[in-house]
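Enquirer: Pasting in a structure now, in structure tokens, and then I'll have a few things to ask.
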Amino acid sequence: MPYRVEIVKGDITQVDVDAIVNAANNELWMGAGVAGAIKSTGGEIIEREAMAKGPIMPGEAVFTTAGKLPHKAVIHAAVMGQDLRTTDKLIRQATIATLNTAENLKLSSLALPAFGTGVGGFPMKACAYIMTRAVNGYQPLAKHLERVLFCLFDEYAFQTFKDALVDES
């Protein structure tokens, strides 16, 4: 069943979805960026639960409760290993692993950040095309997802993902 793909600018911890996604390292500890915002708002319980499920292989995803956040779950997608670097292949794998996890949890909505563009140093434009292509390509497999959001923190990321989504549609 096809789902709607949307792009919003804002704080991922505040969007109205079933689950939000943390772009994680494979040890699943939560430091800065999106991970730091999720931990700060949702509580350290999220990090403790995540680390208990790690380490995982880069490109894989696991889920935890959402702590104090108003979501059903937080999905932690390992987009990099301990070298804190990512690749197009890992971003694609982590995006698909995230969608698979959301489907397995029977979630209807999900918000993703731009994977690997902060600590991982991956170029925003390349990330936008990789992720929008993966999300669009997954649509025929979806049974439960009705809405997938890309939640971007700043105007540049928002516009870059918006352009990629138009080009990939």
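Enquirer: Test each condition in (1) surrounded by fewer than 17 Cβ atoms within 10 Å (Cβ to Cβ); (2) touching a residue at least 24 places away in the same chain (Cβ under 8 Å) for ARG48 and report the one that comes out false.
Expert: (2)
Enquirer: Read through the list (1) touching a residue at least 40 places away in the same chain (Cβ under 8 Å); (2) in a loop (DSSP other than H, G, I, E, B); (3) surrounded by fewer than 24 Cβ atoms within 10 Å (Cβ to Cβ), then give the number of the only condition that GLY116 fails.
Expert: Condition not satisfied by GLY116: (3).
Enquirer: Exactly one condition in (1) closer than 21 Å to LYS162 by Cα; (2) of a type outside the set (Lys, Arg); (3) surrounded by fewer than 24 Cβ atoms within 10 Å (Cβ to Cβ) is not met by ALA128; state its number.
Expert: Of the numbered conditions (1) closer than 21 Å to LYS162 by Cα; (2) of a type outside the set (Lys, Arg); (3) surrounded by fewer than 24 Cβ atoms within 10 Å (Cβ to Cβ), the odd one out for ALA128 is (3).
Enquirer: Which of (1) of a type outside the set (Lys, Arg); (2) farther than 27 Å from PRO70 by Cα; (3) outside any helix (DSSP H, G or I) is the odd one out, the single condition CYS127 does not satisfy?
Expert: That leaves (3) as the condition not met.
Enquirer: Condition first: on the phi < 0 side of the Ramachandran plot, at pLDDT 95 or above and in contact with a Pro (Cβ under 9 Å, 6 or more places away or on another chain). Can you find one or more residues in segment 92-100 that meet it?
Expert: Checked against the condition, which is being on the phi < 0 side of the Ramachandran plot, at pLDDT 95 or above and in contact with a Pro (Cβ under 9 Å, 6 or more places away or on another chain), segment 92-100 yields at least one hit.
Enquirer: Residues that are at pLDDT 95 or above and assigned to a helix (DSSP H, G or I): does segment 53-76 have at least one?
Expert: Filtering segment 53-76 for residues at pLDDT 95 or above gives 53, 55-76.
Okay, now just the ones that are also assigned to a helix (DSSP H, G or I), so none.
Within segment 53-76 (the criterion being at pLDDT 95 or above and assigned to a helix (DSSP H, G or I)), the answer is no, since none of the residues qualifies.
Enquirer: Hey, among the residues in segment 26-42 that are farther than 15 Å from THR64 by Cα and touching a residue at least 40 places away in the same chain (Cβ under 8 Å), which one's surrounded by the fewest Cβ atoms within 10 Å (Cβ to Cβ)? Show your work before the answer.
Expert: We begin by selecting, within segment 26-42, every residue farther than 15 Å from THR64 by Cα; these are 31-34, 36-37, 40.
Going one step further and asking which of them are touching a residue at least 40 places away in the same chain (Cβ under 8 Å), we end up with 31-34.
On the way: GLY31: 13, ALA32: 10, GLY33: 17, VAL34: 25.
Checked segment 26-42; the qualifying residue surrounded by the fewest Cβ atoms within 10 Å (Cβ to Cβ) is ALA32.
Enquirer: Which of the residues spanning segment 43-72 are under 16 Å from the mean Cα position of the chain (by Cα), among the small types (Gly, Ala, Ser) and over 28 Å from LYS125 (Cα atoms)?
Expert: Answer for segment 43-72, where residues must be under 16 Å from the mean Cα position of the chain (by Cα), among the small types (Gly, Ala, Ser) and over 28 Å from LYS125 (Cα atoms): ALA50, ALA66.
Enquirer: Any idea which of (1) under 26 Å from GLY31 (Cβ atoms); (2) of a type outside the set (Lys, Arg); (3) not in a helix (DSSP H, G or I) is the one ALA94 doesn't satisfy?
Expert: It is condition (3) that ALA94 fails.
Enquirer: Being surrounded by 15 or more Cβ atoms within 10 Å (Cβ to Cβ) and acidic (Asp, Glu) is the filter here; which residues of segment 51-87 pass it?
Expert: Selection gives GLU60 alone.
Enquirer: To continue, here is another question. With assigned to a loop (DSSP other than H, G, I, E, B), surrounded by 14 or more Cβ atoms within 10 Å (Cβ to Cβ) and at pLDDT 95 or above as the only criterion, which of VAL17, VAL5 stands out?
Expert: VAL17 is the lone residue from the list that is assigned to a loop (DSSP other than H, G, I, E, B), surrounded by 14 or more Cβ atoms within 10 Å (Cβ to Cβ) and at pLDDT 95 or above.
The values are calculated or read from the model by the stated rules, or taken from the named source; none is laboratory data. Keep in mind that this is a model prediction, so the values were computed, not measured. Cβ atoms come from the backbone with ideal geometry, glycine included; neighbour counts cover every protein chain shown.
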